[in-house]
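Engineer: Structure in structure tokens, see below.
The values are calculated or read from the model by the stated rules, or taken from the named source; none is laboratory data. Keep in mind the model is a prediction, meaning the values are calculated, not measured. Positions of Cβ are backbone-derived with ideal geometry, glycine not excepted, and every protein chain shown enters the neighbour counts.
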Amino acid sequence: MSGTIKQLIQVVGETNVVSAKVDRIAYSRDLTPYFAVPDAIVFPMNTEQVVKVLTLLNEKGMPVTPRGGGASFQGSSLAVRGGILLDLSRMNKIIEISNEDMIAIVQPGVRYETFEHELQKKGLTFPHDVGSHDAATIGGILASDSNGHHAYRHGRVGAWIQGMEVVLVDGTILRLGTRAPRYNMGYNLAALFAGSEGTLGIITEATLKLAPRMPVEATVGAFFKNLDGLINASLAISMSGIDAGTLEATDGYTVKTISDVMNLGFPTCEGNFVGDVQGFDEENLQRKLMVMERILEEHGGEDITIARDEETINKLWAPRLEIDTAIVKVHPGYREFGFAAADPCVPLSKQAEAIREIGRIIRSHDIIAAVFCHTGIGIIHPAVLIDPRNKEHWVAMKKAEQEILEYVVGIGGVVTAEHGFGYVKNQYVRQAVGSIKLELDKKIKKLLDPKGILNPGKMGLDTEERDSDVGFIYKEYVTDQEMTE
Amino acid sequence: MALEKHRHIIMECVSCGLCQSNCPIYKQTNLESNSAKGKMTILFALLEGWLNWDEVAERMYECTTCKNCQATCLSGLDIPAVVEAARAELVKRGLGNKISAQLVENMQKTHNPFGEDPKARNRLKELAEA
Ligand SMILES: Cc1cc2nc3c(=O)[nH]c(=O)nc-3n(C[C@H](O)[C@H](O)[C@H](O)COP(=O)(O)OP(=O)(O)OC[C@H]3O[C@@H](n4cnc5c(N)ncnc54)[C@H](O)[C@@H]3O)c2cc1C
Ligand code: SF4
Ligand code: SF4
């Protein structure tokens with residue numbers, strides 16, 4: 001290893017190679033229960049250095065795990081097979097923002113909120129506001145084909161890639177697209193790299209489509225005695241043609257926990273709704289708000305609140321965002337873990353039933369559940385909050401995970417719709433996509449990365465197991481193998 | 001050990017990284033070991049016996065205890081309290097901050113915290129007057 005480190009230092013310089021044990025350990029975790037220590041962290045500063053690093057490591061057949069901010073929920077950016085963690089966060093220049101072409105050209109390490117801040121000054125936005133905020137980089141967002149809070153209105157991020165520079169594993173630089181808004185020239189490879197989770201190449205630059213920033217907006221909140229009312233209201237808002245930004249739901253158990261702990265005085269409910277809507281002027285916004293308010297009322301919404309000031313907006317979002325803060329106040333040492341059932345998607349008509357049933361499944365195993373839903377797009381986010389020193393809790397989490405995924409597929413849903421497979425879903429990939437697609441995916445992987453060095457151990461591509469090639473943060477963790485014994 | 005009292009905070013950190021956004025040290029270095037996320041991982045490893053005190057010392061002193069991380073933390077964790085407890089233990093173990101010790105030594109020797117010749121100040125005065 002020391003010989004390789006010397007060669008890497010020659011490429012990127014001494015300050016851009018980190019190999020002290022203390023630092024390698026700092027890069028060993030994400031939200032999952034895993035502990036994966038890389039052999040070194042390498043920070044390229046430009047495309048040329050990425051080319052040289054990949055050429056060198058490909059010759060040696062050494063694992064390379066790309067990383068942006070490391071905010072992955074699913075072990076996607078953990079170096080589960082050791083080797084080099086290729087940290088793109090120091091390639092963080094915004095190269096250009098163009099109002100005329102409505103594009104920005106950025107390096108992969110640019111942080112989401114930092115980017116938005118610069119766009120805001122020019123009346124523009126890249127509306128893919130992931131909940132990981134400034135922890136997320138553009139490279140990580142593109143490679144995960146992320147689904148921001150405003151995905152209801154703006155869709156997934158993949159469609160916003162106008163051009164891309166990708167370094168392939170042998171050091172070849174591939175350029176896709178231009179400043180021109182559209183191209184239709186053979187296979188859409190930008191779409192392939194978006195969501196490839198760093199398994200096919202390294203994104204070193206992106207040309208991104210931008211949208212105008214709407215000058216006025218409001219947040220709307222309401223409580224529902226009945227989740228069916230909430231989901232029907234959300235559907236009616238969609239059917240009204242109002243281009244709301246986001247439509248979200250939180251289940252009543254979670255609302256009560258947060259309200260009690262944080263003293264927020266929320267009413268008893270089966271579900272809380274929060275959404276936001278933008279307008280090109282005040283009159284336009286007010287018309288949309290009037291319709292939204294009427295729909296919420298007609299479907300049984302109570303305590304309907306329209307907020308324009310930061311304090312009230314934060315209060316309306318509290319049910320959706322404050323569970324992690326609330327839980328540690330009542331259960332010190334408890335925390336959320338990234339598990340395989342974190343982001344399934346169900347048909348819109350099944351959302352109310354699924355929120356109820358998923359909450360019931362988790363709670364039936366005597367652990368704490370919080371259930372959220374992007375109601376406009378059917379994605380459900382169950383969170384399990386456990387005591388990681390309690391073996392029983394790990395067993396419960398794993399049983400619940402399996403039951404949730406079986407249930408979701410049974411009602412016509414999919415296993416993952418936001419975070420992707422990463423590492424934590426390895427054993428569910430074949431079941432989710434079927435053998436024909438998985439074998440085709442493996443052929444694509446083989447074509448672009450014959451030695452399998454790029455982000456190995458992910459997406460079910462070279463293993464359909466998790467827990468077998470990696471360490472665990474807690475010794476109480478119960479592995480898949482132990483679950484079957 | 002003072003750090004034991006804060007073990008629950010170290011456990012509560014979910015490694016989400018929201019604390020990177022306004023940490024003055026992390027913003028300069030882009031090194032995870034400098035963020036609150038990295039520090040909690042390092043201290044977790046220390047408590048588990050995977051790292052020694054002398055290995056973590058430098059990273060624990062690279063923190064202004066400004067509490068910016070607490071403001072953006074997903075779980076609202078008081079990270080500086082943990083860092084300060086770790087520092088107290090480091091000092092007890094003879095692993096005090098080398099830079100603080102250097103400043104004291106400089107003051108004693110040269111009456112200047114940076115160890116520079118105090119006469120240099122006169123040159124500044126002369127320049128200003130000129
Ligand atoms: C609190 C929290 C909230 C979140 N909210 C959302 C949300 O609302 N929506 C959502 O979709 N996700 C969300 N996520 C998941 C995650 O933050 C996002 O997917 C985000 O895009 C990850 O960005 P990152 O820079 O941290 O990527 P990383 O974790 O560093 O990497 C993610 C993947 O991309 C690959 N990668 C990174 N950079 C490159 C590159 N330059 N070239 C090739 N591959 C690369 C990595 O190998 C890995 O597979 C959330 C996570 C957290 C912790
Ligand atoms: S308290 Fe320390 S870790 Fe937290 S933001 Fe300030 S410098 Fe960073
Ligand atoms: S924001 Fe809080 S919980 Fe998240 S990584 Fe930082 S310290 Fe840990």
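Engineer: What do you reckon, is residue B:96 modelled with pLDDT under 95 and either more than 14 Å from ligand 2 (Cβ to nearest atom) or out of contact with any helix residue (DSSP H, G or I) (no Cβ under 9 Å at 6 or more places or on another chain) (or both)? If you could, list the steps in order and put the result at the bottom.
Structural biologist: On the way: modelled with pLDDT under 95: yes; either more than 14 Å from ligand 2 (Cβ to nearest atom) or out of contact with any helix residue (DSSP H, G or I) (no Cβ under 9 Å at 6 or more places or on another chain) (or both): yes.
Against the criterion (modelled with pLDDT under 95 and either more than 14 Å from ligand 2 (Cβ to nearest atom) or out of contact with any helix residue (DSSP H, G or I) (no Cβ under 9 Å at 6 or more places or on another chain) (or both)), residue B:96 qualifies.
Engineer: Across segment A:330-345, what is the total count of residues that are of a type in the set (Asp, Glu) and either over 22 Å from residue A:375 (Cβ atoms) or more than 8 Å from chain B (Cβ to nearest Cβ) (or both)? Show your work before the answer.
Structural biologist: The first filter runs over segment A:330-345 and keeps only residues of a type in the set (Asp, Glu), leaving A:336, A:343.
The next check asks that each one be either over 22 Å from residue A:375 (Cβ atoms) or more than 8 Å from chain B (Cβ to nearest Cβ) (or both); those that pass are A:343.
Qualifying residue count, segment A:330-345: 1.
Engineer: Being within 16 Å of ligand 3 (Cβ to nearest atom), within 14 Å of chain B (Cβ to nearest Cβ) and either under 16 Å from residue A:204 (Cα atoms) or not small (Gly, Ala, Ser) (or both) is the requirement here; does residue A:71 meet it?
Structural biologist: On the way: within 16 Å of ligand 3 (Cβ to nearest atom): yes; within 14 Å of chain B (Cβ to nearest Cβ): yes; either under 16 Å from residue A:204 (Cα atoms) or not small (Gly, Ala, Ser) (or both): no.
Against the criterion (within 16 Å of ligand 3 (Cβ to nearest atom), within 14 Å of chain B (Cβ to nearest Cβ) and either under 16 Å from residue A:204 (Cα atoms) or not small (Gly, Ala, Ser) (or both)), residue A:71 does not qualify.
Engineer: Which residues, taken from segment B:81-113, are surrounded by fewer than 15 Cβ atoms within 10 Å (Cβ to Cβ) and in contact (Cβ under 8 Å) with a residue 40 or more places away in the chain?
Structural biologist: B:88, B:93
Engineer: Being within 22 Å of residue B:56 (Cα to Cα) and polar (S, T, N, Q) is the filter; apply it to segment A:3-43 and report the residue that is surrounded by the fewest Cβ atoms within 10 Å (Cβ to Cβ).
Structural biologist: Among them, the one singled out is A:15.
Engineer: For segment B:56-91, which positions are assigned to a loop (DSSP other than H, G, I, E, B) and more than 16 Å from ligand 1 (Cβ to nearest atom)? Steps first, answer last, please.
Structural biologist: Just the residues of segment B:56-91 that are assigned to a loop (DSSP other than H, G, I, E, B), to begin with: B:62-67, B:73-78.
Residues satisfying the conditions are B:62, B:63, B:64, B:65, B:66, B:67, B:78.
Engineer: Which residue is farthest from residue A:113 (Cα to Cα), if the candidates are limited to segment B:27-36 and must be part of a helix (DSSP H, G or I) and facing chain A (nearest Cβ under 10 Å)?
Structural biologist: Of segment B:27-36, the ones part of a helix (DSSP H, G or I) are B:27-29, B:32-34, B:36.
When the remaining residues are screened for being facing chain A (nearest Cβ under 10 Å), the result is B:27, B:29, B:32-34.
Details: B:27: 13, B:29: 18, B:32: 18, B:33: 21, B:34: 20 Å.
Among those that are part of a helix (DSSP H, G or I) and facing chain A (nearest Cβ under 10 Å), it is B:33.
Engineer: Can you tell me how many residues within segment A:127-155 are more than 21 Å from residue A:321 (Cβ to Cβ) and surrounded by 24 or more Cβ atoms within 10 Å (Cβ to Cβ)?
Structural biologist: Of the residues in segment A:127-155, 5 are more than 21 Å from residue A:321 (Cβ to Cβ) and surrounded by 24 or more Cβ atoms within 10 Å (Cβ to Cβ).
Engineer: To continue, here is another question. State whether one or more residues within segment B:7-18 are more than 8 Å from chain A (Cβ to nearest Cβ), crowded, with 19+ Cβ neighbours inside 10 Å and either more than 14 Å from ligand 2 (Cβ to nearest atom) or closer than 21 Å to residue A:89 by Cβ (or both).
Structural biologist: Scanning segment B:7-18 turns up no residue that is more than 8 Å from chain A (Cβ to nearest Cβ), crowded, with 19+ Cβ neighbours inside 10 Å and either more than 14 Å from ligand 2 (Cβ to nearest atom) or closer than 21 Å to residue A:89 by Cβ (or both).
Engineer: Could you please let me know if residue A:362 is away from chain B (no Cβ under 14 Å), away from ligand 3 (no atom under 16 Å from the Cβ), free of Cβ contacts under 8 Å to residues at least 12 places away in the same chain and not charged (D, E, K, R)?
Structural biologist: Details: away from chain B (no Cβ under 14 Å): yes; away from ligand 3 (no atom under 16 Å from the Cβ): yes; free of Cβ contacts under 8 Å to residues at least 12 places away in the same chain: no; not charged (D, E, K, R): yes.
So residue A:362 fails the test.
Engineer: Let me ask something else. Which one is farthest from the chain's Cα centre (by Cα), of the residues in segment A:20-60 that are within 14 Å of chain B (Cβ to nearest Cβ) and among the β-branched types (Val, Ile, Thr)?
Structural biologist: In the first step, residues of segment A:20-60 are kept if they are within 14 Å of chain B (Cβ to nearest Cβ); the result is A:20-38, A:40-45.
Subset that is among the β-branched types (Val, Ile, Thr): A:22, A:25, A:32, A:37, A:41-42.
Details: A:22: 27, A:25: 23, A:32: 13, A:37: 22, A:41: 23, A:42: 24 Å.
Within segment A:20-60, the match that is farthest from the chain's Cα centre (by Cα) is A:22.
Engineer: Is it the case, given these coordinates, that residue B:40 is within 11 Å of ligand 2 (Cβ to nearest atom) and part of a helix (DSSP H, G or I)? Outline the logic, then answer.
Structural biologist: Working: within 11 Å of ligand 2 (Cβ to nearest atom): yes; part of a helix (DSSP H, G or I): yes.
Judged against the criteria, residue B:40 is a match.
Here's the yes/no breakdown for (1) touching a His at 6+ places or on another chain (Cβ under 9 Å); (2) within 30 Å of residue A:100 (Cβ to Cβ); (3) not basic (Lys, Arg):
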| residue | (1), (2), (3) |
| --- | --- |
| A:212 | no, yes, yes |
| A:217 | no, yes, yes |
| A:238 | no, no, yes |
| A:248 | yes, no, yes |
| A:251 | no, no, yes |
| A:260 | no, no, yes |
| A:266 | no, no, yes |
| A:272 | no, no, yes |
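Engineer: I've got another one for you. Determine which single condition residue B:31 fails, assuming it passes every other condition in (1) of a type outside the set (Gly, Ala, Ser); (2) more than 13 Å from ligand 2 (Cβ to nearest atom); (3) touching a strand residue (DSSP E or B) at 6+ places or on another chain (Cβ under 8 Å).
Structural biologist: (2)
Engineer: Here's something else I'd like to know. Kindly evaluate residue A:136 against the criterion of being within 14 Å of chain B (Cβ to nearest Cβ) and touching a residue at least 40 places away in the same chain (Cβ under 8 Å). Don't jump to the end; show me each part of the working.
Structural biologist: Values: within 14 Å of chain B (Cβ to nearest Cβ): yes; touching a residue at least 40 places away in the same chain (Cβ under 8 Å): yes.
Taking the combined requirement at face value, the residue satisfies it.
Results for (1) over 14 Å from residue A:414 (Cα atoms); (2) part of a helix (DSSP H, G or I), shown as yes or no for each residue.
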{"position": "A:341", "(1), (2)": "no, no"}
{"position": "A:355", "(1), (2)": "yes, yes"}
{"position": "A:372", "(1), (2)": "yes, no"}
{"position": "A:381", "(1), (2)": "no, no"}
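Engineer: Tell me whether segment B:103-119 contains one or more residues that are closer than 30 Å to residue B:37 by Cα and away from ligand 1 (no atom under 16 Å from the Cβ).
Structural biologist: Of the residues in segment B:103-119, the ones closer than 30 Å to residue B:37 by Cα are B:103.
Narrowing further to those that are away from ligand 1 (no atom under 16 Å from the Cβ): B:103.
Yes, segment B:103-119 contains at least one residue that is closer than 30 Å to residue B:37 by Cα and away from ligand 1 (no atom under 16 Å from the Cβ).
Engineer: Here is a further query. Considering only strands (runs of 3 or more DSSP E) fully contained in segment A:173-287, which possess at least 2 residues that are under 23 Å from residue A:303 (Cα atoms)?
Structural biologist: Values: elements: A:173-177, A:202-209, A:216-224, A:244-251, A:271-279.
Here the list reads A:216-224, A:244-251, A:271-279.
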